[in-house]
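We did not get these values from a lab; they are worked out from the coordinates using the rules stated. Please read these numbers as outputs of a predicted model, since none were measured by experiment. As a convention, Cβ positions derive from the backbone with ideal geometry for all residues, glycine included, and neighbour counts pool all protein chains shown.
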Amino acid sequence: MSIAASNDALLDAVFMREALCLADEAAACGEVPVGAVAVHSGRVVGRGRNVREGDRDPMGHAEVLALRGAAQVLGAWRLTGVTLYVTLEPCAMCAGALVNARVDRVVYGCADPKAGAAGSVLDVLGEPRLSHHPAVVGGLLGDECGERLKAFFRERRGRREGRGVRETR
Ligand code: ZN
């Protein structure tokens, strides 16, 4: 690996760790732990975490919030030059938003076999009939990202069983 390439990999990990911090913040608020950061020219221009429960917003996914933040900071909806880091493979809604925002690159942590739209269930990001195709890197710090989710659902299940409520998800 060249020095430039290893620097890029190092930077990717730094930004994914920032997304993981946002995922932890979500978990602390009782939200499914997913976090995202949008990066342009080496600096974070948008941050987001899952807010679906607190905001009662079906579109309150981490990626959507990070994209909105980036658009505010950069002053444009077209987010050319942006890399979006997210701890979980984007769903169809978020993958659609990423394509519409024309981001350059999407880096995600763990795959989502139930809803992932970067190849797991659908491949919106790689769909050849769409006009924009961000570069996609999957599996960065995937174990750490996945462990957050597992721990969250394990704890929630435990609490429900403790109350005699059946898990429905
Ligand atoms: Zn989503």
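Below are the figures for this structure:
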item: Qualifying positions in segment 105-115 - crowded, with 24+ Cβ neighbours inside 10 Å and within 13 Å of the ligand (Cβ to nearest atom); result: 106, 108
item: Unmet requirement for residue 96, which otherwise passes all of (1) within 15 Å of the ligand (Cβ to nearest atom); (2) in contact with a strand residue (DSSP E or B) (Cβ under 9 Å, 6 or more places away or on another chain); (3) part of a helix (DSSP H, G or I); result: (2)
item: Residues satisfying the stated conditions in segment 50-67, i.e. touching a strand residue (DSSP E or B) at 6+ places or on another chain (Cβ under 7 Å) and either more than 19 Å from residue 28 (Cα to Cα) or crowded, with 24+ Cβ neighbours inside 10 Å (or both); result: 62, 63, 64, 66, 67
item: Residue in segment 33-43 that is touching a helix residue (DSSP H, G or I) at 6+ places or on another chain (Cβ under 9 Å), in a helix (DSSP H, G or I) and crowded, with 23+ Cβ neighbours inside 10 Å present; result: no
item: Lone unmet requirement of (1) more than 13 Å from the chain's Cα centre (by Cα); (2) crowded, with 16+ Cβ neighbours inside 10 Å; (3) within 13 Å of residue 34 (Cα to Cα) for residue 142; result: (1)
item: Residue in segment 119-126 that is within 23 Å of residue 17 (Cα to Cα), away from the ligand (no atom under 15 Å from the Cβ) and more than 15 Å from the chain's Cα centre (by Cα) present; result: no
item: Close pairs (9 angstrom Cβ cut-off, 6 or more residues apart or separate chains): in contact (Cβ under 8 Å) with a residue 12 or more places away in the chain and over 17 Å from residue 93 (Cβ atoms) in segment 38-53, aromatic (Phe, Trp, Tyr) and outside any strand (DSSP E or B) anywhere; result: 39/15; 44/15
item: Residue among 102, 47 that is surrounded by 15 or more Cβ atoms within 10 Å (Cβ to Cβ), in a loop (DSSP other than H, G, I, E, B) and away from the ligand (no atom under 14 Å from the Cβ); result: 102
item: Residue that is surrounded by the most Cβ atoms within 10 Å (Cβ to Cβ) [pool: residues in segment 68-93 that are touching a residue at least 40 places away in the same chain (Cβ under 8 Å) and in a loop (DSSP other than H, G, I, E, B)]; result: 89
